[in-house]
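Enquirer: My questions will all concern the structure given below.
The values are calculated or read from the model by the stated rules, or taken from the named source; none is laboratory data. Quantities reported herein were computed from a predicted structural model and do not represent experimental measurements. Every residue, glycine as well, gets a Cβ built from its backbone with ideal geometry; the counts of neighbours run over all protein chains shown. Surface accessibility is based on the protein's heavy atoms, side chains included, excluding ligands, DNA and RNA. Shrake-Rupley method; radii C 1.70, N 1.55, O 1.52, S 1.80 Å.
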Amino acid sequence: MIGSVDIGGTKIAVGMVDDSGRLLSKMESSTEADRGYPDALDRIASMLRETARNAGAEISGIGIGSTGPLYPFTGEFGDVDFLHGWQGKNPVQDLERIFNVRVAIENDGDAAALGEAAWGSGKGKSRLIYVTIGTGIGGGIILDGRLYRGVDQAHPEVGHHIVDPSGPACSCGFRGCWESLAAGPAMLAWVESTAPPHYLNRKNLTAKRIFELAREGDELALAAVKRETYYLGLGIANLINLFTPDMIVLGGSIMKSSDLLLAGVREIIRQGCRFVPFEKSELALASLGENANLIGAARVWHHRFKPGADRVA
Ligand SMILES: [Zn+2]
C-alpha cells in the first residue's frame, strides 16, 4: 500500500492508495504554512499512520505531489509562493527517516498527470498532457509513457505560455499568458470589469456562478462563457500544434462546466490545427475527480521506483 501526500497552499491531504489506484482512506488538514514546516511534517506523519490504520494497511512506500517549484530528485522545496519559509526543507528525506520506506516527490500537476495516465482517463495513452483549469492553470506532460522533465529536472509551466501579449499582467512576468486569460479568476475579472452599473447579478459572483447564470440565459454570462471557450481553445490548440498528443486530459473546477465549453473548443482546434492530425488528439475529462492529485501522488512512487511500470506502446 502506498501512502500518498498532496501538499497545496491551502490544504494537505493524505491517503492510502492500492496498486490499482483505489483510494482506501483519506484525511485532510489545512496547510497553515505559517505554523512552520516541522509542524506540517508532524501532521503529515500522524495522518499517514492514521489512514494506514483505517485502511488496515502497512505503508510500503510514500508518494508526494506538491505545489512547486521543487527538486524531484533531491526532494527539496524551491522558493514556493504558498509555502513561505519552507524553501530548502526536504519532506522526502524526512518521511524516509520516519517511516523507513522509499519516498518520491513531484510537482502536483505532474502527479495528477501520472495518475490520470496510469489509472484514469488516459490509461494506455503514451503521449498525454494533463491540464487543470481552476484558480490557475497547471498540468503535466507525459511523453512516451514517462513524465517529461526539462533542464535541471524542471516542471514546464503550461499555464504560462502567451496567448495574447496585450492581455492582463500575470505574476509570472508576462502579459496575456493562458492562465491570466482562461483560469477562473480571469472569467470573474472580465465580468466584473465589463458589467454595466445596473447589472443585477453582480453580487457574490464566482466563475461557478457565471456558468450558472449562463445556463439561465444571462447575456453577460453567456459572453463570458464564449470568451472562456475562446481562450481555453487557443491554449489547447497550441498544445496540440506543439505536441500532437494522443490525448489531452482536462480537469479542475472550470471543467465541471465542460458541457458549455468543449464543442466550442473543438471548433477552435479545427480552425487552427490543420497541419497536424488534430482529430486524432482526443480531449477527455479527468476521471480521478477531486482526488486526482492525491491518487496521482501514489503513482509518483510507482513511476519512480518501478521502472517500466508506465510504459505503453
Ligand atoms: Zn503567467
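Enquirer: Over region 245-296, what is the mean sequence separation of C-alpha contacts under 8 Å (at least six apart), divided by residue count, expressed as relative contact order in percent?
Expert: Values: 28 pairs, mean separation 31.0, N = 52.
Relative contact order, region 245-296: 60 percent.
Enquirer: Sticking with this one: Just to confirm the number: angle between the C-alpha axis of helix 219-243 and the first principal axis of the chain, 0 to 90 degrees, nearest 10?
Expert: The two axes meet at around 60 degrees.
Enquirer: To continue, here is another question. When DSSP beta bridges are limited to those with both residues in the chain, what percentage is antiparallel, rounded to the nearest 5? If you can, show how the numbers build up before the last one.
Expert: Details: 25 of 45 bridges.
Bridges in the chain are about 55 percent antiparallel.
Enquirer: Return the Rg/Rh ratio of the chain with Cα-based radii and a Kirkwood Rh. Spell out each step's value before the answer.
Expert: Values: Rg = 19.9 Å, Rh = 20.2 Å.
Radius of gyration relative to Kirkwood radius: 0.99.
Enquirer: Looking at the square roots a ≥ b ≥ c of the eigenvalues of the Cα gyration tensor of region 1-150, which shape do they give, rounded for a/c under 1.5, prolate if a/b is larger than b/c, or oblate? Spell out each step's value before the answer.
Expert: On the way: a/c = 1.65, a/b = 1.16, b/c = 1.42.
Oblate is the answer for region 1-150, as a/c is 1.5 or above yet b/c matches or exceeds a/b.
Enquirer: Could you work out how far the C-alpha centroid of region 117-183 sits from that of region 235-307, in angstrom?
Expert: Centre-to-centre distance over Cα atoms comes out at 10 Å.
Enquirer: Okay, moving on. Is the shape of region 146-233 rounded, prolate or oblate, going by the alpha carbon gyration tensor and its root eigenvalues a ≥ b ≥ c, with a/c under 1.5 for rounded and a/b larger than b/c for prolate? Walk me through the numbers before you get to the answer.
Expert: On the way: a/c = 2.94, a/b = 2.22, b/c = 1.33.
In terms of gyration-tensor shape, prolate.
Enquirer: Rg and Dmax of region 17-71 over Cα atoms: what are they, in angstrom?
Expert: 12.6, 36
Enquirer: Could you rank the peptides 6-15, 83-92 by their average count of other C-beta atoms within 10 Å per residue, with the highest value first? List each step's numbers first, then the result.
Expert: On the way: 6-15: 20.7, 83-92: 17.7.
So the order, starting with the most tightly packed, is 6-15, 83-92.
Enquirer: Please work out the average accessible area per residue across region 96-205, using the 1.4 Å probe convention, and give it in Å².
Expert: On the way: 4990 Å² over 110 residues.
Each residue of region 96-205 exposes 45 Å² on average to a 1.4 Å probe.
Enquirer: Still on this structure, please answer the following. What span do the alpha-carbon atoms of region 157-313 cover on each of the three principal axes, reported in whole Å from largest to smallest?
Expert: Between the extreme Cα coordinates on each principal axis of region 157-313 lie 60, 37, 33 Å.
Enquirer: To continue, here is another question. What angle, in degrees between 0 and 90 and rounded to the nearest 10, separates the Cα long axis of helix 262-272 from the longest principal axis of the Cα atoms of the chain?
Expert: Rounded to the nearest ten degrees, it is 80.
Enquirer: Follow-up. Under the rule of -39500 (n - 2.57) per DSSP H run of 4 or more residues, summed and divided by the residues of the chain, what mean residue ellipticity at 222 nm is obtained, to the nearest 500 deg cm²/dmol? Mind dumping the intermediate values first?
Expert: Details: 9 runs with 115 residues, N = 313.
The helix contribution divided over the chain gives -11500 deg cm²/dmol.
Enquirer: Mind pulling up the Rg/Rh value for region 97-250? Radius of gyration and Kirkwood radius, both on Cα. Numbers along the way, then the final one.
Expert: Values: Rg = 18.1 Å, Rh = 17.1 Å.
Taking Rh as the inverse mean 1/r over Cα pairs, Rg/Rh reads 1.06.
Enquirer: Moving on. Using a 1.4 angstrom probe, figure out how much accessible area region 235-313 has per residue, in square angstrom, rounded to the nearest whole. Intermediate values should be presented prior to the final figure.
Expert: On the way: 3780 Å² over 79 residues.
Spelled out: the 1.4 Å probe surface of region 235-313, per residue, equals 48 Å².
Enquirer: Would you mind counting up the charge near His160? Only other residues with Cβ under 14 Å from its Cβ, with Lys and Arg at +1 and Asp and Glu at -1.
Expert: Numbers: positive: Arg175; negative: Asp81, Glu157, Asp164, Glu179.
Net charge in that neighbourhood comes out at -3.
Enquirer: Of Lys11/Lys203; Lys26/Lys208; Lys11/Lys89; Lys226/Lys256; Lys208/Lys280; Lys125/Lys280, which pairs sit farther than 24 Å apart, going by alpha carbon to alpha carbon? Please report the intermediate quantities before stating the final value.
Expert: Values: Lys11/Lys203 27 Å; Lys26/Lys208 26 Å; Lys11/Lys89 18 Å; Lys226/Lys256 16 Å; Lys208/Lys280 31 Å; Lys125/Lys280 12 Å.
The answer is Lys11/Lys203; Lys26/Lys208; Lys208/Lys280.
Enquirer: Quick check: convex hull of the Cα atoms in region 227-285, volume per residue, rounded to a whole Å³? Let's see the in-between values first.
Expert: Working: hull volume 4.2 nm³, N = 59.
About 70 Å³ per residue, rounded to a whole number.
Enquirer: Which percent of the accessible heavy-atom area of the chain goes to carbon and sulfur, probe 1.4 angstrom?
Expert: On the way: 7280 of 14480 Å².
Whole-percent figure for carbon plus sulfur exposure: 50.
Enquirer: A follow-up question, please. Relative to the longest principal Cα axis of the chain, at what angle does helix 37-55 sit, 0 to 90 degrees, rounded to 10?
Expert: So the helix axis and the longest Cα principal axis differ by about 80 degrees.
Enquirer: Rounded, prolate or oblate: which fits region 61-163 when a ≥ b ≥ c are the square roots of the eigenvalues of the alpha-carbon gyration tensor, with rounded for a/c under 1.5 and prolate only if a/b beats b/c? Mind showing how you got there, number by number?
Expert: Numbers: a/c = 2.02, a/b = 1.29, b/c = 1.57.
It is oblate, given that a/c is not under 1.5 and a/b is not larger than b/c.
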